């Protein structure tokens, strides 16, 4: 399953002081200037690898050149358990995909290079009118309405802020980032004009200017949490949900008759629930118009379709192994054990197994904020190399021993054992788990892989932290500095599946969110990343390129790293 200031879950491709000292020793022979120079050289190398791919690969066409009519059929791995993306159960990339044409996040546009601007269909103006205190003044497009016909007004933003600020625990929210730093939202000239005053500075304020849901959804906790488990929240975009076939796993969207902007070209958009094992064949035989390819077998099938092309770009997605520090009967609680896992895994082999067959560059990730090649990227681990002997030494130091080479290590009568949970019919997850099992069992672990139904993977295992280890993907956001800390802090963050937190991150995160200076922001972001790295609770693998099979004729939609489709302009040319 595959974003403002939060990160979304995606199936495919799922003692700190001692650790800090060990990391410092790795780079202790270099001066600060030498380390900086090395970091710049490493990032330049990764940037060169990434530059082999474009940022946007879809076929472009001007609005007036796109024919009216036609239907676009896309796949999702499951229907949402909750259509409210702000509620914990709605934190799925599949829902983000469906709601894109419904206006979710459309108030901000992103160019091919990632430049941001307000969409005048939603926001007439917004600016930082005061720095101390921080005040943002904004005006909405007076023509903008929800699909109910109700105008989009300041009161909708106020209600959403109160719901997701984290102050009322009855609202089960995905994230409070930024919202928890708002002191007050006030209506000014009229119901379409207002200002946001912050209690603490928040650099990514543009993510908070326009509401995602109307006040009718966010005013009441019960409505917010339970009111949209089977029906969508109201659209504010060019399309709206026409029908939901729960048993057949099909969602159909049609043009929104209350849409005030230019008319969309497509007649319908159809989302079909399709198992990853079946989706490549569904695309190859024409049942799907677009398919996001996850492995070499799928690429081979997609290439067999004569009326389609393969689009490849850089991506914001990265894969990892997340460890539950309180799971597996406590064997993952010791940071030395987690570091042994990190150093005992051949990440290059994992990349070769999963990305290699995709005919794309294999680029390992060693930062928890920035993607390889992105400005600001630094190696947070100081060299996380595959080293089985170093991993064994760490296990020895942690008191896990074996009577003979090849035996399972034990400590106090307990085996060094844990399970990796993988969703059924997701080859990329299975490939990653298989390599982890092979590497770790060779140094004394007893790792098993447990396969569970894909539609239960997040709901019954990942979200309730019912696992020893999981491997899926995170899809990053356009605001990485605001969203990264959530992955490991605080402990009860809806995006922290590790059962671990480092209190240092609280203060660092506050400084980072308040950093308006770009250089200071990147410095703090890398401090955050290094603290996360020291925990070895999340072990990053590789960056995943965007590889899409797209039916010939589909325009203004396809593989992209930053740019987001304008759904009024998406269409099908003969």
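Report whether or not residue 444 is on the phi > 0 side of the Ramachandran plot, modelled with pLDDT of 95 or more and not in a strand (DSSP E or B). Yes: the conditions hold for residue 444. Summed over segment 357-369, residues that are modelled with pLDDT under 90 and out of contact with any strand residue (DSSP E or B) (no Cβ under 9 Å at 6 or more places or on another chain) total 1. Reported count of residues in segment 339-384, each being more than 26 Å from residue 426 (Cβ to Cβ) and assigned to a loop (DSSP other than H, G, I, E, B), is 13. Taken over segment 323-337, the residue count meeting the criterion of being crowded, with 23+ Cβ neighbours inside 10 Å and either outside any loop (DSSP other than H, G, I, E, B) or not assigned by TED's automatic domain parsing to the domain that holds residue 388 (or both) is 3. Whether any residue in segment 536-547 is out of contact with any strand residue (DSSP E or B) (no Cβ under 7 Å at 6 or more places or on another chain), under 28 Å from residue 386 (Cα atoms) and surrounded by fewer than 23 Cβ atoms within 10 Å (Cβ to Cβ) is what I want to check. No - not one qualifying residue is present in segment 536-547. Considering 166, 194, the condition of being surrounded by 19 or more Cβ atoms within 10 Å (Cβ to Cβ) and either in the same structural domain as residue 124 (by TED's automatic domain parsing) or in a strand (DSSP E or B) (or both) is satisfied by 194 alone.
Residues checked against (1) under 19 Å from the mean Cα position of the chain (by Cα); (2) surrounded by 16 or more Cβ atoms within 10 Å (Cβ to Cβ); (3) not assigned by TED's automatic domain parsing to the domain that holds residue 564:
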{"position": "99", "(1), (2), (3)": "yes, yes, yes"}
{"position": "108", "(1), (2), (3)": "yes, yes, yes"}
{"position": "121", "(1), (2), (3)": "no, yes, yes"}
{"position": "129", "(1), (2), (3)": "no, no, yes"}
{"position": "141", "(1), (2), (3)": "no, yes, yes"}
{"position": "144", "(1), (2), (3)": "no, yes, yes"}
{"position": "153", "(1), (2), (3)": "no, yes, yes"}
{"position": "175", "(1), (2), (3)": "yes, yes, yes"}
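Residues checked against (1) over 17 Å from residue 78 (Cβ atoms); (2) in contact with a helix residue (DSSP H, G or I) (Cβ under 6 Å, 6 or more places away or on another chain); (3) at pLDDT 95 or above; (4) part of a strand (DSSP E or B):
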{"residue": "224", "(1), (2), (3), (4)": "yes, yes, yes, no"}
{"residue": "228", "(1), (2), (3), (4)": "no, no, yes, no"}
{"residue": "236", "(1), (2), (3), (4)": "yes, no, yes, no"}
{"residue": "241", "(1), (2), (3), (4)": "no, no, yes, yes"}
{"residue": "254", "(1), (2), (3), (4)": "yes, no, yes, yes"}
{"residue": "257", "(1), (2), (3), (4)": "yes, no, yes, no"}
{"residue": "262", "(1), (2), (3), (4)": "yes, no, yes, no"}
{"residue": "266", "(1), (2), (3), (4)": "yes, no, yes, no"}
{"residue": "270", "(1), (2), (3), (4)": "no, no, yes, yes"}
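Counted as qualifying within segment 42-156 are the strands (runs of 3 or more DSSP E) with 3 or more residues that are over 23 Å from residue 174 (Cβ atoms) and out of contact with any helix residue (DSSP H, G or I) (no Cβ under 7 Å at 6 or more places or on another chain), namely 71-76, 123-131, 134-140.
With respect to residue 457, determine if the residue is buried (at least 23 other Cβ atoms within 10 Å of the Cβ), assigned to a loop (DSSP other than H, G, I, E, B) and either within 18 Å of the chain's Cα centre (by Cα) or in the same structural domain as residue 115 (by TED's automatic domain parsing) (or both). No, not satisfied. Scan segment 262-272 and tell me whether some residue there is out of contact with any strand residue (DSSP E or B) (no Cβ under 8 Å at 6 or more places or on another chain) and farther than 26 Å from residue 309 by Cβ. Yes, because at least one residue in segment 262-272 is out of contact with any strand residue (DSSP E or B) (no Cβ under 8 Å at 6 or more places or on another chain) and farther than 26 Å from residue 309 by Cβ.
Being more than 15 Å from residue 345 (Cβ to Cβ), more than 19 Å from the chain's Cα centre (by Cα), surrounded by fewer than 16 Cβ atoms within 10 Å (Cβ to Cβ) and assigned by TED's automatic domain parsing to the domain that holds residue 487 is a property that residue 385 lacks. Screening segment 243-252 for residues that are part of a loop (DSSP other than H, G, I, E, B) and out of contact with any strand residue (DSSP E or B) (no Cβ under 7 Å at 6 or more places or on another chain) and picking the one that is nearest to residue 211 (Cα to Cα) gives 246. Reported count of residues in segment 391-403, each being surrounded by fewer than 16 Cβ atoms within 10 Å (Cβ to Cβ) and outside any loop (DSSP other than H, G, I, E, B), is 4.
For residue 214, the stated conditions hold: it is under 30 Å from residue 135 (Cα atoms) and in the same structural domain as residue 148 (by TED's automatic domain parsing).
May I ask you to verify whether residue 275 is part of a loop (DSSP other than H, G, I, E, B) and over 23 Å from residue 468 (Cβ atoms)? Outline the logic, then answer.
Working: part of a loop (DSSP other than H, G, I, E, B): yes; over 23 Å from residue 468 (Cβ atoms): yes.
For residue 275, the condition - part of a loop (DSSP other than H, G, I, E, B) and over 23 Å from residue 468 (Cβ atoms) - is met.
Set side by side, the residues 436, 470, 422, 449 differ, and just one is more than 17 Å from residue 499 (Cβ to Cβ), crowded, with 20+ Cβ neighbours inside 10 Å and in contact with a helix residue (DSSP H, G or I) (Cβ under 6 Å, 6 or more places away or on another chain), which is 422.
The values are calculated or read from the model by the stated rules, or taken from the named source; none is laboratory data. Remember, it's a predicted structure, so these values are computed and weren't measured experimentally. Cβ coordinates were reconstructed from backbone atoms using ideal geometry, including for glycine residues, and neighbour counts include every protein chain displayed.
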